[in-house]
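Below: the structure, in structure tokens.
Throughout, read-outs are computed from the coordinates displayed, never taken from laboratory work. From a predicted model like this one, the values you see are computed outputs, not experimental measurements. Every residue, glycine among them, receives a Cβ derived from its backbone with ideal geometry; neighbour counts consider all protein chains shown.
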Amino acid sequence: MSRALLLLLVLFPPLLSRCAPVTPVDGAIEVVGAVTVGSISAIGRTPLDAAYSLITGKDCSLVRMDQGKTYCRPTELLPEALPYCTRSLGVVDCWQDPVAVPNLGPDMAAGPRTLTPAQEKDRTRTWPNW
């Protein structure tokens, strides 16, 4: 059983069973519990997590903590620039700043040297994504 579910069951025991009449306080607790469970199912965070994320602009959730991660998603740093590598008499030579070296041959890397717009958007995303 996950820690979040266990915490929910401990904090909201009226959700477990009902042997007595429902009082207004118990009814309110059940509503809060139902809203919390529905919120976690729908958006992956509690209503308080959603409010905190909206205010701060960060992606924060108790679900992340249950997965063993930090409460708020850390801001990812821009990846380091790839070195420019060429073939040279049986070896590979690489430079961090290819502009400083004249007459370079073709780069050995076959992929893109920068992030795509979709990757950059994912790297800098906040919650909600609008």
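So the values come out like this:
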{"read-out": "Residues residue 76 and residue 28, FRET efficiency given R0 of 25 Å [Cβ-Cβ distance, rounded to 0.05]", "value": "0.05"}
{"read-out": "Least to most buried among 84, 52, 71 (fewest other Cβ within 10 Å first)", "value": "71, 52, 84"}
{"read-out": "Local electrostatic count at residue 95 - Lys and Arg +1, Asp and Glu -1, tallied over other residues with Cβ under 15 Å", "value": "-2"}
{"read-out": "Shape call, region 39-130: gyration tensor on alpha carbons, a/c limit 1.5", "value": "prolate"}
{"read-out": "Calculated FRET efficiency for the pair residue 99/residue 126, C-beta based, R₀ 25 Å, to 0.05", "value": "0.15"}
{"read-out": "For region 113-124, 3J(HN,Hα) per residue [Karplus equation, 6.51 cos²θ - 1.76 cosθ + 1.60, θ = phi - 60°, Hz, x = Gly/Pro]", "value": "9, 10, 6, 6, x, 5, 5, 5, 5, 5, 5, 9"}
{"read-out": "Estimated dipole of region 84-123 in Debye, rounded to 20 [Cβ of Lys and Arg +1, of Asp and Glu -1, Cα centre]", "value": "80 debye"}
